[in-house]
Structures are given as structure tokens and as C-alpha cells.
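Structure, as C-alpha cells:
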Amino acid sequence: MSARTTTAGTAGTWRLGDLTVNRIGFGAMRLTGTAPFGGGVPRDRERSIAVLRRAVELGVNHIDTAAFYFSATRSANELINRALAPYPRDLVIATKVWPGRDASGAWWWADPARLRGQVEENLRQLGRGHLDVVNLRVPPSRRTGSIAEHFGALAELRDAGLIRHLGVSHVTAGQLAEARAVAPVVCVQNPYGIGASAEDTSLLRICGELGLAFVPFFAIAGAGREAGPGARDGETVRAVARAHQVSVAQVRLAWTLGQGPHVLAIPGTGDPDHLAQNMAAGALRLTADESARLAAPER
């Protein structure tokens, strides 16, 4: 398997509403620094721009971003704008709202009336007239609460032409049902990967039955989450990687994509070699036995 020649289209496509995307996309979170949300040492600006352009050359037409992905010197949205505008006609840019960060980096959560400001900030930074997909990112404190008021506010912005399609992020099955009663949902963006909980797996299956895209984050990091890839890799994952002569990250991506044709991937990186490896994961085919062993609890 050649990481240099494999493109994002190898894993197939799925639809976000009326928009067709390759199942391997790109997450912009790590573009602004070496740690999530732009912390740590800033990435080299020109290198980040080059990685974005190379991603599109390799067939990526689905980029996940957010206005709150920024560091003291870098903004993911503005890097995307600088690298890719004027945008390719088939490029889908998905963003998310509800969380926000002030100039100092401190977090805040928008009330429904302030969601329009967050949407307009994404529009300004990206230099677009409308947003392709906006995910309502639910805060941890609301995991058991209602999201109807916030989702309704986004539905009004969709009706006003600022947003094309709506999604939800970090939700329960009940919250997904609540959102769908308000307005159409095209995707669910939740943490998922090897070692996922039964609840997360159930939601993935529900999305498949409904024909919704399931877009996992932390698919490579797994249980390590913000700690990044390799934080808690078990022997089974490492053994499968050795058998295929690929990286653990590629095994994790391939396994996640194998959970259903509606599952998309948005691995993020600021490294061109890692980008090529992520694309190559779409061509990695695990055996049924390997997939089952990876799904089993690590002993």
C-alpha cells in the first residue's frame, strides 16, 4: 500500500444532505498548534497552508473546523481561507457552534440568541456567503438536557440562508431525536474509535439506520483523546499494525471506517507525511477476525 498515491476517494463517498463527500476528510483542529485547540508551539504558517492544499490535491473535499480553533498567532478558519479560497466547487466545510473562546482563550458557551454571532464569525473568517454544515456542539454539562432551543435557533439561521445543513455533536440518542423533531439533521459528530462504549456504538448504528453520516472525532487518539495518538495503544492494535506494516493510527482509522459506509473520518494533522498516511488508511482492509479482535476489550 503506497501512502504517496492513495487518495481520499479510496474509502468511498457519503452524502451530507445534497452534498457528496469522500469518506476521509480533514480536521483543522491541530493546524494552529501542536496541542488540541491551538495550544503548545504554533505550527509553521506556510507549512499548515501547504498541508491544506495537499489535502485537497489528495481528494479531501470535507474539512471540519471551528472559529474556536485558534492560538495566539494562528486561526484554523483563516488558514483555510488563505490556503483554499477561492474554494473548489465540491469542497464542503463543516464548522461548529455553541462553544466560544475569548481573546485570552477562555471558554464560554453561547445562549441561543448569540449563535447568530458565532455563525457570522465563521462566515467572516472563512470568507463565505453561507456555511455548508454547522454542527451544534453540546457542552458536557448539557449531556442529559434539552438542546431544542439552541437547535431551533440554528434552524432559523438555516431558513435565513446562512446555513445549508445542520448537524449535532457530542449528543445522546435522545438529543438526536429531539433535534430531528425540530429540523433535518445530516450528521452526528461524536467521539468514537476502538474501545468505544456500547452507548457510542448504539448511536453509530442508529445513524446508519437513519441514513445519517456519523463523523467520529478522536478516532486515532482513541482512549487517549486530547493526549493524542499512541497514548494508550493496546497490544492487539500494535499487532495488527505490524501484520499490515502500517502505523497504529492507520489501523485505528481503517477500523473506524469499517464500522459502516455512513462513517466518515476527519483526522487532523499539520504534518504532510501523516496526511499521506491518513489517506492511505482508506485503502487498508482489515480481516473480519482482525476487526473483531480490535473491537474486543483489551486484556
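What to note about this one:
- Just one of the listed residues (A55, A72, A66) is in a loop (DSSP other than H, G, I, E, B) and either buried (at least 18 other Cβ atoms within 10 Å of the Cβ) or in contact with a His (Cβ under 6 Å, 6 or more places away or on another chain) (or both), namely A66.
- Matching residues in segment 162-179 - criterion: being among the aliphatic types (A, V, I, L, M), within 22 Å of Y69 (Cβ to Cβ) and either at pLDDT below 95 or crowded, with 21+ Cβ neighbours inside 10 Å (or both): I163, L166, V168, V171
- Of all residues in segment 135-155, exactly one satisfies the criterion of being among the charged types (D, E, K, R) and either crowded, with 18+ Cβ neighbours inside 10 Å or closer than 29 Å to N61 by Cα (or both), namely R137.
- Checked against (1) surrounded by 15 or more Cβ atoms within 10 Å (Cβ to Cβ); (2) among the acidic types (D, E); (3) closer than 21 Å to L19 by Cα, D159 meets all criteria but (1).
- Among the residues listed as V133, V185, the single one being out of contact with any Cys (no Cβ under 8 Å at 6 or more places or on another chain), outside any helix (DSSP H, G or I), within 30 Å of W255 (Cα to Cα) and at pLDDT 95 or above: V185
- Note on segment 262-276: residues that are buried (at least 21 other Cβ atoms within 10 Å of the Cβ) and more than 16 Å from the chain's Cα centre (by Cα) amount to 0.
- In this structure, S48 qualifies as touching a residue at least 60 places away in the same chain (Cβ under 8 Å) and hydroxyl-bearing (S, T, Y).
- Yes/no for A243 being outside any helix (DSSP H, G or I) and either within 30 Å of E46 (Cα to Cα) or modelled with pLDDT of 95 or more (or both): no
- Taking every residue in segment 168-183 that is within 20 Å of L157 (Cα to Cα) and pairing it with any residue that is aromatic (F, W, Y), at least 6 positions away or on another chain, the pairs with Cβ-Cβ distances below 8 Å are V168/F151; E178/F151; A179/F151; V182/F151; A183/F151.
- In segment 156-182, of all residues being part of a helix (DSSP H, G or I) and small (G, A, S), the one that is nearest to A94 (Cα to Cα) corresponds to A179.
- Taking the listed residues D90, D111, D132, D102, the one that is closer than 23 Å to G17 by Cβ and surrounded by fewer than 22 Cβ atoms within 10 Å (Cβ to Cβ) is D90, with no other qualifying.
- Condition met for V119 (in contact with a helix residue (DSSP H, G or I) (Cβ under 9 Å, 6 or more places away or on another chain), surrounded by 18 or more Cβ atoms within 10 Å (Cβ to Cβ) and assigned to a loop (DSSP other than H, G, I, E, B)): no
- Residue count for segment 75-87 under the criterion of being surrounded by fewer than 16 Cβ atoms within 10 Å (Cβ to Cβ) and hydroxyl-bearing (S, T, Y): the result is 0.
- Within segment 188-197, the residues that satisfy the criterion of being part of a loop (DSSP other than H, G, I, E, B) and in contact (Cβ under 8 Å) with a residue 60 or more places away in the chain are Y192, G193, I194, G195.
- Flag if T256 is in a helix (DSSP H, G or I), closer than 20 Å to N22 by Cα and of a type in the set (S, T, Y): yes
The values are calculated or read from the model by the stated rules, or taken from the named source; none is laboratory data. Source: prediction; values computed, not measured. Every residue, glycine among them, receives a Cβ derived from its backbone with ideal geometry; neighbour counts consider all protein chains shown.
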